[in-house]
Structures are given as C-alpha cells and as structure tokens.
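Below you'll find the structure, written out as structure tokens, and then a few comments.
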Amino acid sequence: MKPIPIEQLELQRYPLTKDDSLRAWNAADEYLVSHIIQQILPNNKHIRNILICNDQFGAITCALSNFDPDFWTDSFLSKRAIRNNLDKNSLDKNDLADSKIIHISNRVSLRNTLPYDLVILRIPKHNSLLEYQLASLYPVINSKTIVVAGGMTKEIHNSTLSIFEKNIGTTKTSLARKKARLIFSSLEIKATRTNRPEYKIYIEQQFGVESYGLAGVFSRDSLDIGSRVLLNYLPKIERNQRVIDLGCGTGILGTTAAVLNPSIQVTFCDESYLAVESARLTYTKNIEKPRDKIIGRADFLVTDVLEGLKDDRFDHILCNPPFHQQNVQTLSIANKMFKQSAGKLRSSGELRIVANRHLKYRPMLNQYFRNVKIISDNPKFVVWLAKQPID
C-alpha cells in the first residue's frame, strides 16, 4: 500500500467555486500528508487501521485511500467533496460505502480490527467539537495509537493544546511551515477526559423556547443576534401550513414557529449532522409535551441546502444563511439557498431571511423572486421578505 502525495491529485472544492484562488486543500493538509508519508508510515510498518477526522474536501482521504481508511465528518458537504474527489482520481474502490463514514452524532462505532493505529485530525473551527471528538476517540485508541492533528497556526492556540492534553495525554507541536503546524498527542491513562453534557441548553427569553445545541453547532451557547432579530418578524402562519427551517442550527426558528402554531409541519434542514440532531432535540423537548392544542409533526434532513426534499409545496421558509464555509467568506451558499427555496415554495409562499446589512443579497434574491423587500432594518441586520417565486 502506498500513499499518494497531494500534488499528484486532482482536487476540487465542493460546492464548486469560480474563485481560482480557493483550492481544495491548504498548507495544513500538505503538512499532514507529507509528514505521514515521510515520517510516520516508513517508521511504523504495522499501520493498517486509519481514521481521518474533519477532512474538508478529501485531500487527506484521497492521499491515503489505498489504506481503506475510516472517515469521520459532521459535514454533508465534506462527505460529498470526499466522494467527488475519490471519483475524480479513480480512487473510489469501495464506492465509499456508508459503513466507512462515521457520522459524528453517533460517536465512533467499534470494529473487530480496532483500535486504530493512526488517527489524523484537521483542527475543527470550534473547540467544543474538538473536545467532543477527542473524548469520543478514547474507546478506539490505545497507547500505541499515533494521533496527529494539523491546522493553520491561527487555528491552534493554548486552549487547543489543553484540550488534547486533557482528553488524550502528552501533547507537543511541530515547527510552523507555511503558516501551518502539526500537533502530536499520546494516550495516557491519567488524562482527564471530558465528562459533561454533550449539549448546551439555554432558554430564548421572548417565547420561552429551550435550545439544545450539540458540539460545534452554530448558536449553541446562546441565541445569535441575527436569529433574535428574525424571531420578531416571524410570518403569520395559518393552521396546517408547512414551514422549512433552512440551515437550522439548533432549530430555534422552526421550533419557535411550531410553539406559536402547534398544528404546522416543520422541516429542519442543515448540512451538519450535529445541527440536525440538535434541532431534533430542541423540537422534541419543546413540542412533544402534553398540550391542549393539536400537535403537528416535524421532518429532519441532513443535506446540501434542500437537495433531496421532494415536496415543493411549502408555505414559509425561515433562514439565517451562513456567509462562511469554514474560514472562507462566500455568498455562494446563500445564493444556492435562495434559488432552491424559490423552487420549494408555493406560488403564495414566502422566504424570510436575516442577514448582516453589508451583505449584497438583493441582486441574488431578485433572480428568484418577483417581490423582494426589507421589512426590518437596523444598524447591523436586515430582514428580507421574498415572495412570488419565479418559475
């Protein structure tokens, strides 16, 4: 079995971008792969079982595809990127079977061949996700497991190293290369692994809705300002109407709509497995309680925007769209949300969006809706109302 250097691979981002300056890998991916090829594999011939965590576009997975690694990702987009790049390089020998993809909300599942010989992590954006991952790894690693992580220097702080030391054991870092750095950690029995609830709970004060947020989920610790603004401009929803909470995060928007209108059906969509699981928790804890009113029902979908949602007869879509993919600012995700929303709404349906006021959403919305206006405008946020979707 031989690894493949990144420079020999043809890799694309997902979703595709017209910005040629954005690659499907960065210096941290390069550093990780080169170190594994030059140092780890030649000196550890026993390595067979490999786990790769948080590979955003598949650079590491493709490089080590001949080792038939397991993949652990919270991102549907990353899962799609890995599939696409394995296919693009004719490396998808096992069709990337779902048994090889470990969805983070289910924790790592044991196999007969475990523990892992090598665990490779890209540092995630949120410390809570890193802590959750490292604590979850404990049952599937031992003192012989090589744990190596990589990130850009701006992503690695003293708090990052403390999380490794607390949950794994002795931790050290490499010298920086091209503004990237590696982390090496060895399992120690004395390490004090995280022992805390996997979700954070807070109560939204205006409507009394409890939010349940799993590790790494947007607005996990407290209600973000944008969603707080949008909650003041929820639509008047009629009995039995159908609502989508798009990019749902903890599900606070869709759940609040359901609390106020118990008969409605809500569909929660996000590309994060943990976000959709958080939305399921939030909805269940707030809605499925003894009430005198008729209770509607909810659907939960992990997907790319609204892909795979077959019905196109929704009445309202609520959205606080992201304008970053990891650490890269982009409007392409929001544009895709607007386009697909127009295709899923009834002719009388409405899309409501909250956004930072500097984001240029009107030209995009005008492509997909005949009637676009601002219904709330403050110094930081605007709420857009888009109606009459264009066929």
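The values are calculated or read from the model by the stated rules, or taken from the named source; none is laboratory data. Owing to the predicted nature of the structure, the values given are computational and were not obtained by experimental measurement. Using ideal geometry, Cβ is built from the backbone for each residue, glycine included, and neighbour counts are taken over all protein chains shown.
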**Item:** Candidates S376, S348 - the one that is touching an Asp or Glu at 6+ places or on another chain (Cβ under 9 Å), among the hydroxyl-bearing types (S, T, Y) and in a strand (DSSP E or B)
**Value:** S348
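Within the range 219-276, take every residue that is of a type in the set (K, R) and part of a loop (DSSP other than H, G, I, E, B) and give me the one that is farthest from A334 (Cα to Cα).
This residue is R239.
Please determine, by comparing only the residues of the range 339-391 that are of a type in the set (K, R), closer than 20 Å to G226 by Cβ and free of Cβ contacts under 8 Å to residues at least 60 places away in the same chain, which one is surrounded by the fewest Cβ atoms within 10 Å (Cβ to Cβ). Walk me through how you get there before you give the answer.
At the first step, the residues of the range 339-391 found to be of a type in the set (K, R) are 339, 344, 346, 352, 357, 360, 362, 370, 373, 380, 387.
Right, trim to closer than 20 Å to G226 by Cβ and you get 352, 357, 360, 362, 373, 380.
From the residues that got through so far, the ones that are free of Cβ contacts under 8 Å to residues at least 60 places away in the same chain too are 357, 360, 362, 373.
Working: R357: 12, K360: 8, R362: 13, K373: 12.
Ranking the candidates gives K360 first.
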**Prompt:** Hey, among S75, S90, S21, which residue is in the same structural domain as M152 (by TED's automatic domain parsing), of a type in the set (S, T, Y) and either crowded, with 20+ Cβ neighbours inside 10 Å or in contact (Cβ under 8 Å) with a residue 12 or more places away in the chain (or both)?
**Reply:** S75
**Request:** Identify the residue in the range 33-51 that is modelled with pLDDT under 95 and in contact with a helix residue (DSSP H, G or I) (Cβ under 9 Å, 6 or more places away or on another chain) and, among all such residues, is surrounded by the most Cβ atoms within 10 Å (Cβ to Cβ).
**Result:** L51
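Given the structure, is T171 touching a helix residue (DSSP H, G or I) at 6+ places or on another chain (Cβ under 6 Å) and assigned by TED's automatic domain parsing to the domain that holds R122? Break it down into steps so the answer makes sense when it comes.
Working: touching a helix residue (DSSP H, G or I) at 6+ places or on another chain (Cβ under 6 Å): yes; assigned by TED's automatic domain parsing to the domain that holds R122: yes.
So T171 passes the test.
Rundown of residues vs (1) modelled with pLDDT under 90; (2) closer than 30 Å to N43 by Cβ; (3) part of a loop (DSSP other than H, G, I, E, B), yes/no style:
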| position | (1), (2), (3) |
| --- | --- |
| R80 | no, no, no |
| D87 | no, no, no |
| D92 | yes, yes, yes |
| L96 | yes, yes, yes |
| L110 | yes, yes, yes |
| P115 | yes, yes, yes |
| I120 | no, yes, no |
| P124 | no, yes, yes |
| L130 | no, yes, no |
**Request:** State whether one or more residues within the range 318-338 are over 24 Å from the mean Cα position of the chain (by Cα) and either under 30 Å from A24 (Cα atoms) or outside any loop (DSSP other than H, G, I, E, B) (or both).
**Result:** no
**Asked** With respect to G213, is the statement that it is crowded, with 19+ Cβ neighbours inside 10 Å, out of contact with any His (no Cβ under 6 Å at 6 or more places or on another chain), small (G, A, S) and in the same structural domain as Y273 (by TED's automatic domain parsing) true?
**Response** yes
